[in-house]
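Before any comments, here is the structure.
The values are calculated or read from the model by the stated rules, or taken from the named source; none is laboratory data. Note that the structure is a prediction, hence the values are computed from the model and not measured. All Cβ positions, even for glycine, are placed from backbone atoms using ideal geometry, and neighbour counts span all protein chains on display. Areas reflect the complete protein model, heavy atoms only, side chains present, ligands, DNA and RNA absent. Shrake-Rupley method; radii C 1.70, N 1.55, O 1.52, S 1.80 Å.
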Amino acid sequence: MDSSGSESPPIEAKKGSKSKAPKKPKESILKQKSPAEFFAENKNIAGFDNPGKSLYTTVRELVENSLDSVEAISELPVIEVTIEEIGKSKFNSMIGLVERERVDEALYDDFENAKAREKRLAKEARDQETQAKNIAAGKKVKEPAQKAMKGRGEASFFRVTCKDNGKGMPHDDIPNMFGRVLSGTKYGLKQTRGKFGLGAKMALIWSKMSTGLPIEISSSMRGQSYTTFCRLDIDIHRNIPHVHLHEKRDEERWHGAKIQVVIEGNWTTYRSKILHYMRQMAVITPYAQFLFKFVSDVADKNVTIRFARRTDVMPPVPVETKHHPSAVDLLLIKRLITETSKPNLLQFLQNEFVNIGKPFAERLIGEMGPDFSPKTAVKSLTSQQIVRIHQLFRQAKFDDPSGNCLSPAGEYNLRLGIIKELHPDLVATYSGSPQVFEGHPFIVEAGVSLGGKDVKQGLNIFRFANRIPLLFEQGADVVTRTAQKRINWNNYKINQTQDKIGVFVSIVSTKIPFKGTGKEYIGDDISEIASAVKASIQQCCIQLKSKIVKKIQAREQQERKRNLTRYIPDVTGAIYDVLRQTAQAHSSKKKRYDEEDAEILKQVSARLITKQTLHDKLAKHVEQVDYEMAMDYATQSGVSEEPREAIYIQSVENTHNFIDLCSPVCVFRIFQ
């Protein structure tokens, strides 16, 4: 800085250089995105993170849609799922693409140059040398895995098909049901399997992004003389269906839907997840019959699994309910006012919310202030008045909503599902009473099993939300944290690390408080749900403890009997020797005995009482003592704990009228 205040001379521009004018920033342009475009760009929100997860989510969405469709008409579900692997050449022929030979090999991602080849061969030589040394030392040697060279462009494609015996879809509604995001029949306040209401629409978006192929739907409803066939894709930018073919066909009479979509996927990495999902779905819906197939050109990769139906007792269909006043916000109140058909405030409060009767509605209106009256036109309420209603809803005390609108799996079905799929040694189930969080009712059902097939040691946790399995982000879930940290398994005679423990928890509600963008787990921050989960698991553990203690007592009783039986020969020999010596002393008149004892000694001398006789008498006495102890044990335990036998009753025809009386261990069916 010049202290004299004179300006510094300007810097001369270099010869030949051109002065560049600063670029003007581009004017921002207001743009809009359709719902389909938003989910296409943020597909991970809906579970389409990568090709493997997308294959899993597609199967899950189609299966859950099928279950909802079948249960809506109270029919026993029969669902077939097929995943067909499509090779590159077959896929190219499907889209009419002619394969070309590579011209410039170095252009491709999987090209191996001389340096990379030299490095690979050197590594293989070192591995072979190490393997030879291990063989010479007598160590076990694993065969080196052959890694296939696969470039980024080598995608795997699959045709996913799901067929059900549900209610089907109306002919005219099919294009919008599949080709318009955020349109469907599941919106409303009720227990639903879906997380976002996307269903097969997201599978169609993924298909359009990865293969460009349309989705194919065949559907027929009861009473229809035709089958609807529709081939369509979606205009992502406009969020409207693009119909290729939509027609009625004369085919065999049936009802249900068949959906077929071709997508990019990864069966290798998500095979276990898909099969685990199908197995858990069979646990929570033992009244359904599932057939799963994976079809490949390689015969060794083919998979066919049938999950048989175990019962024909279905849970009730969930019903839509009204909003609880404590669970609404300003936006929802305004929407209800817009949609209501009731003219005045009194009728609006009575008919649009649960647990508000006429007397209570009048008390609420009186508390709102002089600007409100029962006959106030609800459509004329100002924004300030709506805010006043909302504030009162948050402060007033309302009765809790009932759980009548919910449809839990049922303790009987949960028990059957666990037994059918895991074959445990012991199982206990419990169904809690309806409880409430933030104005939403919920029910927690739990099951705990010990032993079984394909069950590893330690805790094996199975989580369900609105009767769908949750397979991801298990560590942060309320069920996992409760089972691992809040249950003292030793108090119930269960070894947490050594025993094979299955923990099953199913939560149903009109609003599942999922956490994370993918909605894959239920948070641990809602105390009402955490307490209900802990109480349900503890109730199962209490049941198991009584069974475990009785098994321990029975084992100890068997051990006592075994020990007594082991000593019978030695005791028999000792007693008989004493009796024989005493009988000799008695016959020589060295010592006299009473008449009763003398009679026994005479029988010993006459060999009417032998060592074998004493052996038989002692063995009979041990059996008698064992029988008396068993009778005493049964008397104390009660007749309900007597040994049970599995009884299987054939399914009845639907033409009969009957009433089911359900209990945790059986269902009595009364025919009318």
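Step by step: first the residues of the stretch 538-593, then only those that are open to solvent by less than 90 Å² (accessible area, probe 1.4 Å) and aromatic (F, W, Y), then the one that is modelled with the lowest pLDDT. Which residue is that?
Y593
Name the strands (runs of 3 or more DSSP E) wholly within the stretch 345-462 that hold at least 2 residues that are modelled with pLDDT of 90 or more, open to solvent by 10 Å² or more (accessible area, probe 1.4 Å) and among the hydroxyl-bearing types (S, T, Y)?
Fully inside the stretch 345-462 and qualifying: 426-431.
Out of Q474, Q457, Q435, report the one residue that is under 28 Å from N355 (Cβ atoms) and in contact with an Asp or Glu (Cβ under 9 Å, 6 or more places away or on another chain).
On inspection, the qualifying residue turns out to be Q435.
Consider only pairs whose beta carbons are under 6 Å apart and that are at least six residues apart or on different chains; among these, list those whose first residue lies in the stretch 523-537 and is closer than 15 Å to V503 by Cα and free of Cβ contacts under 8 Å to residues at least 60 places away in the same chain and whose second residue is open to solvent by 10 Å² or more (accessible area, probe 1.4 Å) and among the basic types (K, R).
Pairs found: K534/R486.
Can you tell me which residue in the stretch 320-346 is farthest from S373 (Cα to Cα), limited to those that are touching a residue at least 60 places away in the same chain (Cβ under 8 Å) and in contact with a Pro (Cβ under 8 Å, 6 or more places away or on another chain)?
Across the stretch 320-346, the extreme among qualifying residues is T321.
For the stretch 488-508, what are the residues that are under 24 Å from the mean Cα position of the chain (by Cα) and not aromatic (F, W, Y)?
Correct list: Q496, T497, D499, K500, I501, G502, V503, V505, S506, I507, V508.
Any idea which of L416, L406 is in contact with a Lys or Arg (Cβ under 6 Å, 6 or more places away or on another chain) and not charged (D, E, K, R)?
L416
Is there a residue being on the phi < 0 side of the Ramachandran plot, in a helix (DSSP H, G or I) and open to solvent by 10 Å² or more (accessible area, probe 1.4 Å) anywhere in the stretch 512-529?
The answer is yes; a qualifying residue exists.
Just to be sure I understand the filter: pairs with C-beta atoms under 7 Å, separated by 6 or more residues or on different chains, first member in the stretch 174-192 and closer than 17 Å to V243 by Cα and in a loop (DSSP other than H, G, I, E, B), second member open to solvent by less than 70 Å² (accessible area, probe 1.4 Å) and at pLDDT below 80. Which pairs pass?
V181/L198
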